[in-house]
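See below for the structure under consideration.
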Amino acid sequence: MTRRGLLGATFAAGVFLAAEASPIEAWAAEGDVQISASGVSVLASVGGRVAIRDGQGTVRSAGSKFQVKDSAAGVQISTGGTPTLTSLADGTPAIRMDYTMPAAAGAVTVYGLFTVSTNHVHLEWHVTGPSTLVADGFMFSRAIQNPTEADEYVAVTEWVRDAGGGIPYEAKVGVAHASTWGELHGLLLLQRSKQDWTNATWVHSPGVPQADGSLISRAEFFFTTERPSAAVSIGTSRELGVEVWTDQPFNLWEAAGATATVKVQVANGTQSARDVDLSWWVRDFNGKRLVNATATGTVPAASTWEHSFTVGAPAAGVALVEVVAASGEDEAFARTNLGVLGPYSYQAGAESMFGIANYPWLQVPSADAVLDLWQKAGANRVRISYEGGPGLPPSEFDARGMMHNIELQPSLDVTDAEAAQWAATYTDKAIAAGADYFEVGNELNRPFNTGDAAQAYIDKVMRPVRDYLDASGKDVKLLNNGLAGMDEPWVENFIAGGGWDMIDAFAYHPGRGNFTPDYIPSGEDWDAGTNGIYWNFLGGLRKLQALMDQHGHKDIWLTEAYACTRPNGWWNDTYRQAAENIFLTLAIAKAEGIKGVLWYQFHDSVLGMPQVADPENVEYHFGLMNRDVSPKPSLLAYANAARTLDEATPLGWLQFANPKTKGLLFDTPAGEAAVLWNRADGYLLNADHDPGGRHFPAPEVWVDHWPTKTTLNVKSAGSTLTQVDCIGQRKTVRASGRRAAVVLDGAPRLFIGTNLSASLAA
């Protein structure tokens, strides 16, 4: 059984493994009851207080309440509790706390059941009540006493290999709220717990329905000196655990060849020492093995072994690391990425089109470090920033000379008075934020491709905001709600209803499925279903431009653009495709004069549960960075586009004798430059997928997925061209007689030093 499977089983059973057996003692006096084991004790008192103490008797965590949520009665919080000593069916001593619930809770009853083993407390709360109980709203109170550092929200994951083939991925083991007292750590582990529902007073602890109709919330508390992943392996599993990391922020170095030290920790969760064979490899974007080595070691029982190795930071920009630990039939592995991204002096300033579509909500290792990386990668604008809002306030961006917009979500189902009040309140918020653009809502064009919601949006949102802003005299530009896809019927109805004159620029989200960014579907009736051709990039842009030719041109903002890398899914990009498609998306946007491209999003994860692995959730996989905040090739592709196109002036699309050869021409400070590619292999990605399901066995990132190579003789301005691939790898191509033979396929490449103006399309 995997560690993830064992964790689920032990949570369900309410039994966790201990690092070693220790006697459990119990006593009761004057209303207080206590149970203790080696390194830990629990003291429960009348009133509901439950205190967890370390081996020296110091209280480290204490709480006294349990909260339930009821869809009818609302939130109900216990008002007291009575502890008693009891025992489990196997005789294990336990504390039972019967909570006093308020009268408004009705028939709800709650009791807690707490047991201990070495350095470990098992906590569970049993809830019975009406069918209107909302299990996801359960919480328990706890306050950490005198910590030496702020609590951390830690996602514990396990790397698994896909049974259907393809690349491996991370799966969730659990989440931990980690507390620190010097060298001692307290790890509160749950199967699921939202970070933004947890604070210094309450821990989100969802209930799990039971066969008898009750619900149980469970948590495990460990005292440990180990890293969280190892602590979970030791506390919950009989198999090996592996964790891989570096001490370099984001695993990014500034120069190729710099020594990168990779750290490995192997955890042994068994009761006996184990001999472990450790092996690792590092491969760059082109598949070259930079390192391939092994080591052996003995890991003590219920303990860890740390090992490290070095590798030169990859000249190819990004490299993949895999480390495998094996002992007998047990095996565990982990992956991470290493990257190189040097400094760069961007010149476009406020004219830069490059930005991020989501506020910097995952600030690891710090907010400053994240913004430093944004600016190094070329992101000069954030979509959402306002005082008191999520992410960072406008002052943080102003201090760095970064631009900021605001997006706020209204409702279409309101009265006219409520609509006017929303317009006043939230337009004032946009003005106070100093936003350049107020994007009034997000994806309010449902149902897609019907136009049904356009008039309500005009009446309940756009007109009240426009009127209020005009009356204020403030210079905030208005964007319509960023449409999901280029919704032609919605835009036509918006124009017909008078909305076109209410906005200063137009916003939409060019959602893209398994099509290359330059795909233009034929026909007019585009399927807007989950896997429909409505979700394309250039085709949608062409529809919008055609409408603007009729009704007047406005600046275009792509307020969410993306390349989703959900693993082993045919509708989504592989890691290599994502890098290629990001570079081509941004190159096309630059060529088409797009005002702003805001990338969705910076990190893999979902809001509220940052870094919690969720392989099936498509929303989780849009980041430029991995869950462990190491770089995807996507980050290098974004930075490469931002750098090579920073001061580029678009000259137009290129046209060649071979109609499958495509190109964009730019004037840059480095000379004329062309982005070139060839569509001999078509516009459809992962075309050989199983039509009966979502699965596609994605190749590793270094695998070239374009079989057809086409040679093009390119006119050059000098004796050489500089070829730049999607992630920024450069090489020199010699020209003979001012012509250079370049090899093209479906991957876009930039060639600096061309002389192709005569090949511009009419």
- Message: Of the conditions (1) over 30 Å from Ser233 (Cα atoms); (2) buried (at least 20 other Cβ atoms within 10 Å of the Cβ), Thr336 satisfies every one except a single condition; which number is it?
- Response: (1)
- Task: Tell me which residues, restricted to region 98-119, are more than 30 Å from Gly235 (Cα to Cα), open to solvent by 30 Å² or more (accessible area, probe 1.4 Å) and not in a loop (DSSP other than H, G, I, E, B).
- Result: Thr100, Ala103, Ala104, Thr109
- Task: Take region 406-429 and flag every residue that is assigned to a helix (DSSP H, G or I), of a type in the set (Ser, Thr, Tyr) and either within 22 Å of Ala357 (Cα to Cα) or open to solvent by less than 50 Å² (accessible area, probe 1.4 Å) (or both).
- Result: Tyr426, Thr427
- Name the single residue, out of those in region 56-78 being in a loop (DSSP other than H, G, I, E, B) and surrounded by fewer than 15 Cβ atoms within 10 Å (Cβ to Cβ), that is nearest to the chain's Cα centre (by Cα). Ser71
- Note on the structure: Per the list (1) within 23 Å of the chain's Cα centre (by Cα); (2) under 22 Å from Ser352 (Cβ atoms), residue check on Ile556 breaks on (1)
- Item | Qualifying residue in region 225-233 (condition: within 30 Å of Gly342 (Cα to Cα) and either touching a residue at least 60 places away in the same chain (Cβ under 8 Å) or touching a strand residue (DSSP E or B) at 6+ places or on another chain (Cβ under 8 Å) (or both)) | no
- Message: If Gly728 meets every condition in (1) out of contact with any Leu (no Cβ under 9 Å at 6 or more places or on another chain); (2) assigned to a loop (DSSP other than H, G, I, E, B); (3) crowded, with 18+ Cβ neighbours inside 10 Å apart from one, which number is that one?
- Response: (1)
- Message: Where the second residue is surrounded by 20 or more Cβ atoms within 10 Å (Cβ to Cβ) and among the basic types (Lys, Arg) and the first is part of a loop (DSSP other than H, G, I, E, B) and lies in region 392-403, which pairs have Cβ atoms under 9 Å and are six or more apart or on separate chains?
- Response: Met402/Arg381
- Item | Checking Ile167 against (1) in contact with a strand residue (DSSP E or B) (Cβ under 8 Å, 6 or more places away or on another chain); (2) open to solvent by less than 40 Å² (accessible area, probe 1.4 Å); (3) of a type outside the set (Lys, Arg); (4) outside any strand (DSSP E or B), the condition it does not meet | (1)
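Being free of Cβ contacts under 8 Å to residues at least 40 places away in the same chain and open to solvent by less than 60 Å² (accessible area, probe 1.4 Å) narrows it down to one residue among Ala319, Ala273; which is it?
Details: Ala273 fails: open to solvent by less than 60 Å² (accessible area, probe 1.4 Å).
Criteria check complete, one pass: Ala319.
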- Only one of (1) assigned to a loop (DSSP other than H, G, I, E, B); (2) open to solvent by 10 Å² or more (accessible area, probe 1.4 Å); (3) not hydrophobic (A, V, I, L, M, F, W, C) does not apply to Lys376, and that is (1)
- Item | Residue among Leu684, Leu676 that alone is open to solvent by less than 10 Å² (accessible area, probe 1.4 Å) and in contact (Cβ under 8 Å) with a residue 12 or more places away in the chain | Leu676
- Message: So, Ser179, is that one surrounded by 22 or more Cβ atoms within 10 Å (Cβ to Cβ), of a type in the set (S, T, N, Q) and either farther than 16 Å from Ile77 by Cα or in contact (Cβ under 8 Å) with a residue 40 or more places away in the chain (or both) or not?
- Response: yes
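Have a look at Gly540, Gly569 and point out the one that is among the small types (Gly, Ala, Ser) and more than 30 Å from Gly287 (Cβ to Cβ). Lay out the reasoning, then the answer.
Values: Gly569 fails: more than 30 Å from Gly287 (Cβ to Cβ).
The match here is Gly540.
Identify the residue in region 357-373 that is part of a loop (DSSP other than H, G, I, E, B) and without any contact (Cβ under 8 Å) to a residue 60 or more places away in the chain and, among all such residues, is farthest from Val154 (Cα to Cα). Explain how you work it out, then say what you get.
Pass one, region 357-373, residues part of a loop (DSSP other than H, G, I, E, B): 357-366.
Among the residues that remain, those that are also without any contact (Cβ under 8 Å) to a residue 60 or more places away in the chain are: 359, 363, 366.
Details: Tyr359: 21, Gln363: 13, Ser366: 15 Å.
The extreme case among them is Tyr359.
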- Message: assigned to a helix (DSSP H, G or I), hydrophobic (A, V, I, L, M, F, W, C), closer than 29 Å to Val461 by Cα and modelled with pLDDT of 95 or more: is that true of Leu586 in this structure?
- Response: no
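The values are calculated or read from the model by the stated rules, or taken from the named source; none is laboratory data. Quantities reported herein were computed from a predicted structural model and do not represent experimental measurements. Here Cβ is always computed from backbone atoms with ideal geometry, including for glycine, and neighbour counts include all displayed protein chains. The accessibility values were calculated without ligands, DNA or RNA, using every heavy atom of the protein model including side chains. Shrake-Rupley method; radii C 1.70, N 1.55, O 1.52, S 1.80 Å.
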